[in-house]
Amino acid sequence: MRARAAYGMGAPRDTPWLDDSAGRVMRPYTASGGRTRPAAALDLLSLVTATGVRPRGPLGAEHSLALRLCAGSAAVTVAEVAGQLRLPAVVVKVLLSDLMEFGAVTAQAPRFPGGGYVAADDQNLLRAVLDGLRRRL
Amino acid sequence: MAYADDCDTRPAPVLPATLKILVAGGFGAGKTTFVGAVSEIEPLCTEELLSGLSEEPDPLDGVEAKTSTTVALDFGRITLDERHVLYLFGTPGQERFWFLWEELCAGALGAVVLADTRRLADCFPAVDFFERRGIGFIVAVNEFDGGHRYTAGEVREAVGLGPEVPVVRCDARLTSSGTGALAALVHHLLFTAATDPAKPWNPDRGEPR
């Protein structure tokens, strides 16, 4: 099993709004056109997958970078896109929900365990997590 | 499972479950170090806009005020197997952000509270929060060089922990030590779930917002 670790090489240090010496050269919310409310409900742990559909019309630089990150692996979380692009999560949620409207990406909400009471599959889930952690020890 | 072809008829991949464990503790307790040591990727940081009910009543109308604040979160990732990927979130240490945790905790499996024995009181807010919300946690005593070593019993007594909450030692700089602390947490969650089926495992988890 390979870890989903292969992102675009060196992408985060090479974004148009970051300069090594000057730092951020663009206000972060410029990327989202000042919007702070994404059209789609996205969690930090929602998994975003590129569909392969190319959006019609030109994309902004930030949208393109976000899409490239999504296309670079089977799926990537909103948190990782935000971390890689060094943009606030809310800005990235706006970018990704734009890409969803274009049909360029789809998002899968995290299926959090539980729902009040302990179910059998929650225990199986915890068991799988424990086994996975112990294999790393 | 890593494929990145540009084919337009890509089959829907079976995506892994994304799971969340919080790493809490006072400022400087080693949260960022812990996340970095156990993560398979270089830890990332993002800012998230969180909202919650402030504990301070609004002075104008005496009603709890809904407040939104941007906080910085460190996070790392551990791919457990092809179906489970664990994300670790180092939570903002400042006490004034505690009311924002509700949103961050939604869906979390549980939490590791890092305690620095030189400033043990710094972990009290985290312990209080998780106790009050019914979120499973353990206390991991981060052993700093030169710090006085206390026994688990001494820490338990000082923090006022119930007998069911595990106290483990860890060195937040070491991958094996941090991973061991995470395993101790999940073991605790599993044990709690198995022995107390009537207890809501985590009544506050909800749909992602």
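The values are calculated or read from the model by the stated rules, or taken from the named source; none is laboratory data. All figures in this text were calculated on a predicted structure; none of them were measured in a lab. Reconstructed Cβ throughout: ideal geometry from the backbone, glycine too, with neighbour counts over all protein chains shown.
Quick notes
- Any chance B:Ala126 is closer than 24 Å to A:Leu126 by Cβ, at pLDDT below 95 and part of a helix (DSSP H, G or I): yes
- Flag: B:Val23 does not match the condition of being closer than 27 Å to B:Leu189 by Cβ and modelled with pLDDT under 90.
- For segment A:32-40, the condition of being within 8 Å of chain B (Cβ to nearest Cβ), out of contact with any Cys (no Cβ under 9 Å at 6 or more places or on another chain) and surrounded by fewer than 20 Cβ atoms within 10 Å (Cβ to Cβ) holds for at least one residue.
- Restricting attention to segment A:120-134, the residues that are in contact with a helix residue (DSSP H, G or I) (Cβ under 8 Å, 6 or more places away or on another chain) and over 19 Å from B:Ser39 (Cβ atoms) add up to 4.
- For A:Val76, the conditions (1) closer than 17 Å to B:Thr79 by Cβ; (2) at the interface with another protein chain (Cβ under 8 Å from one of its Cβ atoms) are fulfilled apart from (2).
- Qualifying residue in segment A:69-81 (condition: surrounded by fewer than 17 Cβ atoms within 10 Å (Cβ to Cβ), under 30 Å from B:Ile135 (Cβ atoms) and of a type in the set (A, V, I, L, M, F, W, C)): no
- Looking at A:Val94, A:Val81, just one residue is under 15 Å from B:Thr18 (Cα atoms) and hydrophobic (A, V, I, L, M, F, W, C), and that residue is A:Val81.
- Test: residue in segment A:90-104 that is within 13 Å of chain B (Cβ to nearest Cβ), of a type in the set (Gly, Ala, Ser) and within 30 Å of B:Leu109 (Cα to Cα): no
- Hits in segment B:14-34 - residues which are under 20 Å from A:Glu80 (Cα atoms) and outside any strand (DSSP E or B): B:Val14, B:Leu15, B:Pro16, B:Lys31, B:Thr32, B:Thr33, B:Phe34
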